[in-house]
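Worksheet for the structure shown next.
The values are calculated or read from the model by the stated rules, or taken from the named source; none is laboratory data. What you see is a predicted model; the values in this text were computed from it and never measured. A quick note on method: Cβ atoms are made from the backbone with ideal geometry, for glycine too, and the neighbour counts reach across all protein chains shown. These area figures cover heavy atoms from the full protein model, side chains too; ligands, DNA and RNA do not enter into them. Shrake-Rupley method; radii C 1.70, N 1.55, O 1.52, S 1.80 Å.
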Amino acid sequence: LTCDALKMTPRDEVSYPVIARKSSMSRKLRFAVLRMFNRRLAACIELLDTNNTEHAWSIGHQLRALGHIIFGDTKTRLVEAAVEKTWAPGHCGISLTLDNQAAFA
């Protein structure tokens with residue numbers, strides 16, 4: 001998706017009036033900043049310790065607080081990195097259900 005492809009439909013304008021009031025250039029700039037942030041985060045996500053979400057100073061806590069600006073594909077990489085870090089061969093008798101909605105709420 002490019003910044004030039006960002007066009008609001010009349011329905012979008014009704015659903016998101018605050019965004020609709022922004023100029024087209026402002027929306028494009030904001031999207032470009034979010035896209036750049038997500039690309040840089042995706043490039044280093046596997047290097048980050050995201051386990052600790054309880055302490056405000058931790059990276060995990062900060063990422064959880066920024067969940068609303070992290071794109072879905074970047075979140076998927078985060079989950080995949082977590083699974084890779086904890087993967088062990090064989091059967092351990094434990095089952096795990098991942099709930100992306102709950103994890104990034």
Over the chain, give the accessible area per residue in Å² for a 1.4 Å probe, as an integer.
80
Between the residues THR76, LEU41, THR97, the Cα farthest towards the positive end of the dipole of segment 23-105, that dipole coming from +1 and -1 charges on the beta-carbon of Lys, Arg, Asp and Glu, is from LEU41
Sort MET36, MET25 from largest to smallest accessible area, using a 1.4 Å probe on the heavy atoms of the protein chains.
MET25, MET36
Descending accessible area (1.4 Å probe), largest on the left, turns THR97, THR9 into THR97, THR9
Sequence-distant aspartates and glutamates (8 or more away, or on other chains) whose Cα lies within less than 15 Å of LYS85
GLU46, ASP49
Computed label-point distance, nm, for sites ASP12 and ALA81 using a 7 Å Cα→Cβ extension:
2.9
In nm, to one decimal, how far is the modelled label at ARG27 from the one at ASP49, with both set 7 Å along Cα→Cβ?
4.2
Accessible-area ranking of HIS91, HIS61, largest first, probe 1.4 Å
HIS91, HIS61
Percent accessible area from carbon and sulfur atoms, the chain, protein chains only, probe 1.4 Å:
59
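Kindly give Rg over Rh for the chain, based on alpha-carbon atoms, with the Kirkwood expression for the hydrodynamic radius.
That ratio equals 1.08.
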Size of charge dipole - the chain - debye, nearest 20, with Cβ of Lys, Arg +1 and Asp, Glu -1, no other charges
640
